[in-house]
1. Explain nothing, just the number: relative contact order of the range B:75-224, from Cα pairs under 8 Å at least 6 residues apart, as a whole percent.
2. Report ³J(HN,Hα) in whole Hz for each residue of the range B:139-149, in order, from the Karplus equation J = 6.51 cos²θ - 1.76 cosθ + 1.60 where θ = phi - 60°; Gly and Pro get x.
3. Which of rounded, prolate or oblate describes the range B:151-196 when judged by the alpha-carbon gyration tensor and an a/c cut-off of 1.5?
4. Over the range B:323-377, what lengths in whole Å, largest first, do the semi-axes of the equivalent ellipsoid take, defined as the square roots of 5 times the eigenvalues of the alpha-carbon gyration tensor?
5. What are the residues whose amide H is under 5 Å from the amide H of B:MET439, where those residues sit 5 or more places off or on another chain and H is modelled from the backbone?
6. Relative to 2.2 N^0.38 Å, what does the C-alpha radius of gyration of the range A:238-286 come to as a ratio? Two decimals please.
7. Using a Debye calculation, one point per C-alpha and no hydration shell, please list log10 I(q)/I(0) for the range A:3-326 at q = 0.15 Å⁻¹ in order.
8. Search the structure for amide H atoms under 5 Å from the amide H of A:LEU279, placed 1.01 Å from N in the peptide plane, and list their residues when 5 or more places away or on another chain.
Amino acid sequence: MDLNITWFLLVGVLIMGYAILDGFDLGVGVLSLFVKDDKEKRIYMNSIGPVWDGNEVWLLTGGGALFAAFPIVYATVFSGFYIAFMLLLASLIFRAVSFEFRNKVASEQWKKLWDTLFGIGSLLPSILFGVAFGNILRGLPIDNQGQYLGSFLGLLNPYSIIVGLLSLALFALHGAIYLTLKTDEIIRNKILSLLNKIWIIFTLIYAVASFYTFFEAPFLFNEILNNLLFWISFIIMLGSLILIPVFINSRQYFKAFISSSLLIATMIGLAAISLFPRLVPSNLNLDYSLTIYNASSSQLTLKTMLIIALIGMPIVIAYTIFIYRVFKGKVELNKESY
Amino acid sequence: MRIHSSISTINKKNLKCLSQNGLFLLVLKILCGIKIDIKYKDNFIERNSIMDVVLLSRIQFALTIGFHFLFPPISIGLAWMLVIIESIGYKNKDEVYVILGKFFSKILALTFAVGVATGIVMEFQFGTNWAGYSKFVGDIFGAPLAAEGVFAFFLESGFLGLYLFGRNKVSKNVHLFSIYMVAIGSTISAFWIIVAVSWMQTPAGYIIANGKAQLTNFWAAVFNPSTVIRFLHTVDAALITGAFMVAGISSYLILKGKESDIAKKSMKIAVIFGLIVSLLELFPFGHESGREVAQEQPAKFAAIQGLYSTQTGAPMAVFAVPVMPPPELKAKVEVPRLLSWLAFGDFNAKVLGIDQFKKEDLPPLFITFVSYHNMVVLGMLFILLTLVGTYYLWKKKLWDNKFLLRIFVWAIPFPVIACELGWIAAEVGRQPWIVYNIMRTKDAASASVPAGDVIFSIILFALIYLFIGSLYLYIFVKEVKHGPEGNLAKEELK
């Protein structure tokens, strides 16, 4: 396995880490849009209060790692998705400050403003995550110089919008399951009735999106159907999807959370397997695609970065687990809460 | 806009016509959809040179980094102040320091949140606006950004959550450990981002191959000639910022008689600590920083010092008004030979003036001179203030000196301003290069982003930052006025 493939895997792992961790707190934010009661809203916010910031770091680190390992992809995709990125950044800014701002002024309208900004600031990134994925899966208009030729409105094609809705439903599902771990009986029952609906909606969108992918990006399926790894991931994914309602109904919420995490990981895994060795296919000509070889940094940089990752990430994972264990269990509101 | 004075004069006409076209076409684009969009893009490329996108991207970068950089020095400084406060409380088992810790941690949390929110923009902006640059230096520049994520962001954000919300959930040891990790994490973050910006100033450990910078020696790139001194200079500036923040807020509480017994404890720490770090900032950090610039970037040194002709035994301008053209210093107050000593440790050394450099290789002269000199003046003021403060503290008269306490309150924003000025002098002084002597800023922008898009994002961020900046100030003042939840508050509850 060469360094380029290693970094393909590592960037994939960072995206999985981001989607699993920030996925549930974005999902909680989306679900908070449907909550009326102030105390309930605060419980939603405080369930992710101590951890959301660390979760978002996965996005920052993923961005940094992409810049370091595949600078051509970083430059091409980010400048190509310019307006979409600016909207994403604006949402994330409002979302980040809403935690600190919301409870600092005792006014109903003030709270309502920040609740709305928190909700939309969670909703938009959830959709844009899928829209970006959808566009990359179907390929971008990239010419033989690696130059992006599309526009913002070109990103809003039907296929990518469906993938956007898929990621929204996925994060909402994941967030709802997370909330079952953090809430008491009364609030949990409300979430549970919602959870079943989200699961059905997600499954329907998933079926449509998979079917659509065959027509939109047939090249993705060229080689993978006789790839064992693809089938293993596919089976794990289906299994996790089916197990979610099973665990929920038998009140094994933590196992349900593990299942939805696995679901996210395997969905991203399947996308990665079908893209490999391309990072961004070109829909003008597949030969113009950005791949792990023509878009990568030098071997020395990849090697150095690998050492940094091998030293740093085990420590990160160790203390992240420690911090999650400290905040395990139901949310209790007190003076320090948001 | 002053930041870009030299370029903006050249392009003022272009910019005006461009912004009208850009906005008009942007509205059209939203109203009429893709077809117009493609047409507009083609027209646009014909009508506007890439230079306009460069100028707009520079304005955007100046805006977003300028706003972002208000917050990290406060966060780093406050985190270390809290390390001191919490450590004393832990050692003496004194509840007063817990109250202080809780109080200042609210300010830290607020500042940190805005810092994080505006920092996300920075991580992605190289790709969105500076794709040319990102492709050219990606092999080197991405690594420190990724390292910052791995070694710093996770650490500070994870443990900040633990510090803020874990006071009653973890042992006292772990809680104290968590504020240490926040402070260390934010300082490591400063290190890696300074590695990245220092490499742009004094690149090392690379070769140019296939039209791109390629890494040849990681450690040489990390510890390039300006990294270490810039790191010490910047982090010490953050410590001064933290000290003045705590001193100013404590002074306010003492003046208002709000929990003043508690505030006196934090005031003492802040003034003494502030004196130490302010002195260190002058010598050795500021001094060494100047020497480094003189050696590595003589054109920048000449510009920030306002040395317009090459001289032996060069004087240092303490005060002057730079005018253009021709470049000239009016009403100047000079100290003879000081600049030669500052730069090379020899009163008779020869220092290159701007007459030695081609016009197209020089940074804007006005903005660099003015920002550098005002930073130095503020640095001296910090020493003076903390020195006087320490003297009165020693004489046990500080609490009665209302005038001095009031000055400390008003001085809260001064270190933040000094940080901004220092940053402007450093980064504008690097112009016209984005990577010193290797790549010019004008060649670095994104080729695929139309000017209208950049105008849209400038307006978007300007509005958001105005909004968030005002709310930050409003809540900051509110928190300070509310004061710590001390014994008085407890008694009131009873």
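What follows is calculated from the coordinates using simple rules that are stated; it is not laboratory data. If you're wondering where the values come from, they're calculated on a predicted model, not measured in any experiment. Note that each Cβ is placed from the backbone with ideal geometry, even for glycine, and that neighbours are counted across all protein chains shown.
1. About 26 percent, as a whole number.
2. Karplus-based 3J(HN,Hα) across the range B:139-149 equals 4, 10, 6, x, 4, x, 5, 5, 4, 4, x Hz.
3. prolate
4. 20, 16, 11
5. Those qualifying (amide H under 5 Å, at least 5 residues apart or on another chain) are B:ILE434.
6. So the Cα radius of gyration is 1.63 times the expected 2.2 N^0.38 Å.
7. Evaluating at q = 0.15 Å⁻¹ gives log10 I(q)/I(0) of -1.33.
8. Sorted by chain and number, the residues that satisfy this are A:LEU290, A:THR291, A:ILE292.
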